[in-house]
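Beneath this line is the structure, given in structure tokens, with notes to follow.
The values are calculated or read from the model by the stated rules, or taken from the named source; none is laboratory data. Here the structure is a predicted model, which means the values were calculated and not measured. Note that each Cβ is placed from the backbone with ideal geometry, even for glycine, and that neighbours are counted across all protein chains shown.
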Amino acid sequence: MNDITTYGLDLAKQVFQVHWVDVRSGEIQRKTLRRAQVSTFFARAPRGVVAMEACGSAHHWARQLQSLGHEVKLIAAQFVRPFVKTNKTDAADAQAIWEAVQRPDMRFVAVKREQQQAVLSLHRLRAQWVKIRTLQANQIRGLLYEFGVVVPLGWRALLNADLLTATDGPVPTLLRSELIEQLEALRAATARITALDRRIDSWQRAETECRRIAAMPGVGPLIASAVVASVADARQFRSARQFAAYLGLVPSQSGTGGRVKLLGISKRGDTYLRTLLIHGARSVLLSHSRHRRDGPLHRWLAELLKRRPSNVVVVALANKMARTIWALLAHRRTFDAAWNRAVTH
């Protein structure tokens, strides 16, 4: 009989539920814990495997329980849901987590460090400010257009515009002062984004793994820091293709009777990372179109552009970048810019 106790822990803000089986008697045990009781309970409980859904506060509790000597395994919520037998309750969720963690083919989420979570939080804040800046820029441009003022595309054109400073301009005085305040808010949002960029760049410069993948074409501070912060351990993926599948950059499959049809990319997994990689791939393709550089990567792009539309090539290049990033991180290699491939030390 396995003498290691496995616990299924359903997380919450105040009321937690634990499910486990006594290794000696085989009796099913359930316990409801208040937030302040969780650490005390697991400090006294026999050391074992604690399984949790990879949801809010999961990484915090994972670090807490690891410090108490337990092995922690985080499971994505969509992999737990099929094991909920009846109605969704805290007890049923804890039991489903307990059952899911014991599946031999279950995939787990690596526990993140505090610094990795902090960097991802900076990315979330930056993405929010980018949305706010885009919203304000579009609104200002639309309001100006109502009075016959056409501003070039891009938020930078609004920051440089002096159409509102002239007293005899086309914009009525009643609206001009409010639009000026909106432009100031646009400048403030840009300043916040710049400050966040500097903080993220400062962190990634100090991380060896960030510098390792930042040498790749199309990978800048945002992609490097987001990948390293999101992927706590690249070796949790068995292959480069599995990492690309985690980002939703591989074709989804549909078929039966031995016939499998490949569809478009699955778009599963981390949407933010996938978006960043596609933007990075688009910048590489734009540089290729402008400068026509030579090398294995650019020859591959040239051949692919003859057969596929540019957007398909961008996604294919993002897939290639993801696989290269996995090779660099999982095998601790450095990128050789001259040959566009990963080489060992």
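Would you tally the residues in region 123-151 being exposed (fewer than 12 other Cβ atoms within 10 Å of the Cβ), over 22 Å from Thr194 (Cα atoms) and out of contact with any Pro (no Cβ under 9 Å at 6 or more places or on another chain)? The total comes to 4. I want to confirm something. Restricting to region 28-47 and keeping residues that are surrounded by 13 or more Cβ atoms within 10 Å (Cβ to Cβ) and of a type in the set (Ser, Thr, Tyr), which single residue is farthest from Val109 (Cα to Cα)? Looking at the filtered set, the residue picked out is Thr32. Here Ala191 fulfils each of the conditions (1) under 23 Å from Asn138 (Cβ atoms); (2) small (Gly, Ala, Ser); (3) in contact with a His (Cβ under 7 Å, 6 or more places away or on another chain) apart from (3). Restricting attention to region 48-83, the residues that are part of a strand (DSSP E or B) and either without any contact (Cβ under 8 Å) to a residue 40 or more places away in the chain or crowded, with 20+ Cβ neighbours inside 10 Å (or both) add up to 9. Does Leu297 fit the bill of being farther than 29 Å from Thr208 by Cβ and either out of contact with any Pro (no Cβ under 7 Å at 6 or more places or on another chain) or not assigned by TED's automatic domain parsing to the domain that holds Leu122 (or both)? When the stated conditions are applied, Leu297 does not pass them.
Here Ala244 meets the list (1) free of Cβ contacts under 8 Å to residues at least 24 places away in the same chain; (2) outside any loop (DSSP other than H, G, I, E, B) almost entirely, failing just condition (1).
Could you tell me whether region 87-107 includes any residue that is closer than 21 Å to Tyr272 by Cα and not aromatic (Phe, Trp, Tyr)? Yes, region 87-107 contains a residue that is closer than 21 Å to Tyr272 by Cα and not aromatic (Phe, Trp, Tyr).
The residues of region 152-184 that are closer than 16 Å to Thr134 by Cα, modelled with pLDDT of 85 or more, more than 28 Å from the chain's Cα centre (by Cα) and surrounded by 12 or more Cβ atoms within 10 Å (Cβ to Cβ), listed by number, are Ala157, Leu158, Leu179, Gln182, Leu183. Of the residues making up region 7-27, those that are buried (at least 17 other Cβ atoms within 10 Å of the Cβ) and touching an Asp or Glu at 6+ places or on another chain (Cβ under 6 Å) number 2. State yes or no: is Ser289 closer than 27 Å to Val130 by Cβ, surrounded by fewer than 19 Cβ atoms within 10 Å (Cβ to Cβ) and outside the structural domain of Arg124 (by TED's automatic domain parsing)? Criteria met by Ser289. Screening Ser287 on (1) closer than 30 Å to Ser121 by Cβ; (2) small (Gly, Ala, Ser); (3) in a helix (DSSP H, G or I) shows it passes everything except condition (1).
Of all residue pairs spaced 6 or more apart or on separate chains, those with beta-carbon atoms under 6 Å, a first member in region 283-305 that is at pLDDT below 85 and a second member that is part of a loop (DSSP other than H, G, I, E, B) and crowded, with 16+ Cβ neighbours inside 10 Å are Gly295/Asn340; Pro296/Asn340; Leu297/Asn340. Considered as a group, the residues in region 209-233 that are at pLDDT 90 or above and among the β-branched types (Val, Ile, Thr) include one that is farthest from Leu143 (Cα to Cα), and that residue is Ile213.
Residues in region 192-239 that are farther than 14 Å from Arg323 by Cα, in contact (Cβ under 8 Å) with a residue 60 or more places away in the chain and outside any helix (DSSP H, G or I): 4 in all. Restricting the first member to region 29-47 and to residues that are under 16 Å from His60 (Cα atoms), and the second to residues that are surrounded by fewer than 14 Cβ atoms within 10 Å (Cβ to Cβ) and of a type in the set (Lys, Arg), the beta-carbon pairs closer than 8 Å and six or more apart or on different chains are Arg35/Lys13.
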